[in-house]
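Q: Dropping a structure here in structure tokens format, bear with me for questions.
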Protein chains: 2
Amino acid sequence: MPRAGLSRERLIEAAIALTEADGFVALNLAALARGFGVKLASLYAHVRNVDDLKAEVALNALRRLADMVDEAIAGRAGRDALYAYAEAQRDFALVHPGLFEAARHPLSEEIAMQSAGVRIARASRAVFRSYALDDADQVHATRLLGSFLLGFVLLERSGSFAHSAPEAADSWARGLESLHMAISGWAEKDSKQ
Amino acid sequence: MPRAGLSRERLIEAAIALTEADGFVALNLAALARGFGVKLASLYAHVRNVDDLKAEVALNALRRLADMVDEAIAGRAGRDALYAYAEAQRDFALVHPGLFEAARHPLSEEIAMQSAGVRIARASRAVFRSYALDDADQVHATRLLGSFLLGFVLLERSGSFAHSAPEAADSWARGLESLHMAISGWAEKDSKQ
DNA sequence: GCAAAAAACTAAGTGTATTAGGATAAAAAC
DNA sequence: GTTTTTATCCTAATACACTTAGTTTTTTGC
């Protein structure tokens, strides 16, 4: 029998495709092996275990999200940058729900520190530097916006917003504008030091 | 051999204990059966399947969270109520991390509609009624605060805030105060109609 | 062509979930 | 208090997913 031509890269690639198609929860080695027409145990020549593969998919998802965010905020500042940053993340979550789940997969300390996750955090800080916030307030603002983004997307995707009158999109716009106004207000105090 | 004395209620009770001890992800029928010194298959006389049990734990978690929230906001209004509502949820998540996970377990449409989840949402709307917001704005505010709460707690618990300078608690206070101020501002417009 | 390396396989063990059917302890009916 | 019935719990078997160990077989490099 000819060989399937597996490699770590091809496995990761297929894992990403599977995640996009069926969600991160559906990602498992058995399904992957079936896709390649190969026995399950054969995958272990290229991957340490399931979690190794999942971590790799998570890192890739973070990288793609970071790319979108970086591109979105490039050349923008203030309110414009905040909206671009936020919309990029929400778009990513809606277009690539599986990868969005993957991006939330818990990673080990060291791995997380070298992941594209820090690039996403850095982008947020850059946005708020353009609001003329001091260092501490950049962090506070990043956490405030990041919390809202994550929570909103999770609730929206879980259908929590589907059964009350105003559209989720309206609440999104309302929330973003409120955060923009609130955080704008921080700048005055910061510049007074 | 004497009987173990299983029942649906005792199983659910044990499942909750297991969830509190080891987290919602660690909840499974096999572990539960071991705890009762009983064979795995025996549980099926009392529970339809794993998901039946998980849903039951989720409903219980929602009920307990709703109880805490209701008690926290009782007799309060405005900023006071908002803080009580928010702190109740964050406290619950920090004290009962397993149950907090469980409360986020996806439920079917009809089940969710009759769960204590609606009580939590109703409590939030009550808080914002005391801000003198109209109906639509009560929903927007509920979504804004709910998103922030959920996102913040998830990020805090995943360690995302552990490696930047200001304490997570400071950001929490900052975020809450900002939301309070922002949403307070909505009231004027609403009363002008 | 042959030896070494790598790819894929077989085999075996572990853990969880689930169904079907049987044994029996406990409860209900008489 | 026996008998009948019910419900509890068990054994057995199946289905998947993950993992390790050891073996065959294809490539590749000399």
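Q: Which of the residues spanning the range A:31-70 are touching a helix residue (DSSP H, G or I) at 6+ places or on another chain (Cβ under 9 Å), within 30 Å of A:A121 (Cα to Cα), near DNA strand D (Cβ under 8 Å from one of its atoms) and of a type outside the set (A, V, I, L, M, F, W, C)?
A: Within the range A:31-70, just A:N49 meets the criteria.
Q: Here's another thing I want to ask about it. Please count how many residues of the range B:138-193 are open to solvent by less than 20 Å² (accessible area, probe 1.4 Å), within 8 Å of chain A (Cβ to nearest Cβ) and among the charged types (D, E, K, R).
A: 1
Q: What do you reckon, is B:R129 open to solvent by 50 Å² or more (accessible area, probe 1.4 Å), closer than 30 Å to B:G185 by Cβ and at pLDDT 95 or above?
A: Numbers: open to solvent by 50 Å² or more (accessible area, probe 1.4 Å): yes; closer than 30 Å to B:G185 by Cβ: yes; at pLDDT 95 or above: yes.
Spelling it out, B:R129 is indeed open to solvent by 50 Å² or more (accessible area, probe 1.4 Å), closer than 30 Å to B:G185 by Cβ and at pLDDT 95 or above.
Q: Follow-up. Please verify whether B:D51 is surrounded by fewer than 17 Cβ atoms within 10 Å (Cβ to Cβ), within 14 Å of another protein chain (Cβ to nearest Cβ), of a type outside the set (A, V, I, L, M) and within 15 Å of DNA strand C (Cβ to nearest atom), treating the condition exactly as stated.
A: Details: surrounded by fewer than 17 Cβ atoms within 10 Å (Cβ to Cβ): yes; within 14 Å of another protein chain (Cβ to nearest Cβ): yes; of a type outside the set (A, V, I, L, M): yes; within 15 Å of DNA strand C (Cβ to nearest atom): yes.
So B:D51 fits the description; yes.
Q: Here's something else I'd like to know. Which residues, counting only those in the range A:122-137, are in a loop (DSSP other than H, G, I, E, B) and away from chain B (no Cβ under 14 Å)? Working first, answer last.
A: Let us first name the residues in the range A:122-137 that are in a loop (DSSP other than H, G, I, E, B), namely A:130-134.
Passing the criteria: A:S130, A:A132.
Q: Determine if the range A:78-100 includes at least one residue that is in contact with a Ser or Thr (Cβ under 9 Å, 6 or more places away or on another chain) and within 13 Å of chain B (Cβ to nearest Cβ).
A: no
Q: Is it the case that some residue within the range A:133-143 is under 18 Å from the mean Cα position of the chain (by Cα), among the hydroxyl-bearing types (S, T, Y) and more than 16 Å from A:R64 (Cβ to Cβ)?
A: yes
Q: Determine whether A:Y44 is in a helix (DSSP H, G or I) and more than 19 Å from the chain's Cα centre (by Cα). So that I can check it myself, show each step before the final result.
A: On the way: in a helix (DSSP H, G or I): yes; more than 19 Å from the chain's Cα centre (by Cα): yes.
For A:Y44, the condition - in a helix (DSSP H, G or I) and more than 19 Å from the chain's Cα centre (by Cα) - is met.
Q: Counting only residues that are of a type in the set (F, W, Y) and modelled with pLDDT under 95, how many does the range B:88-126 have? Before you say what the answer is, go through the steps one by one.
A: Narrowing the range B:88-126 to residues of a type in the set (F, W, Y): B:92, B:100.
Those still in the list that are modelled with pLDDT under 95 too: none.
So the count comes out to 0.
Q: If you don't mind, there's one more thing I want to ask. Taking into account only those residues within the range A:8-32 that are within 15 Å of DNA strand C (Cβ to nearest atom) and among the charged types (D, E, K, R), which is surrounded by the most Cβ atoms within 10 Å (Cβ to Cβ)?
A: This residue is A:R8.
Q: Looking at this structure, is B:A21 touching a residue at least 60 places away in the same chain (Cβ under 8 Å), within 21 Å of the chain's Cα centre (by Cα) and either within 16 Å of DNA strand D (Cβ to nearest atom) or not in a loop (DSSP other than H, G, I, E, B) (or both)? Spell out how you get there, then give the answer.
A: Details: touching a residue at least 60 places away in the same chain (Cβ under 8 Å): yes; within 21 Å of the chain's Cα centre (by Cα): yes; either within 16 Å of DNA strand D (Cβ to nearest atom) or not in a loop (DSSP other than H, G, I, E, B) (or both): yes.
The answer is yes for B:A21.
The values are calculated or read from the model by the stated rules, or taken from the named source; none is laboratory data. As the structure is a prediction and not an experimental result, all values here were calculated from the model. In this analysis, Cβ positions are derived from the backbone assuming ideal geometry, glycine residues included, and neighbour counts consider all displayed protein chains. Surface areas here come from the heavy atoms of the whole protein model, side chains and all, with no ligands, DNA or RNA. Shrake-Rupley method; radii C 1.70, N 1.55, O 1.52, S 1.80 Å.
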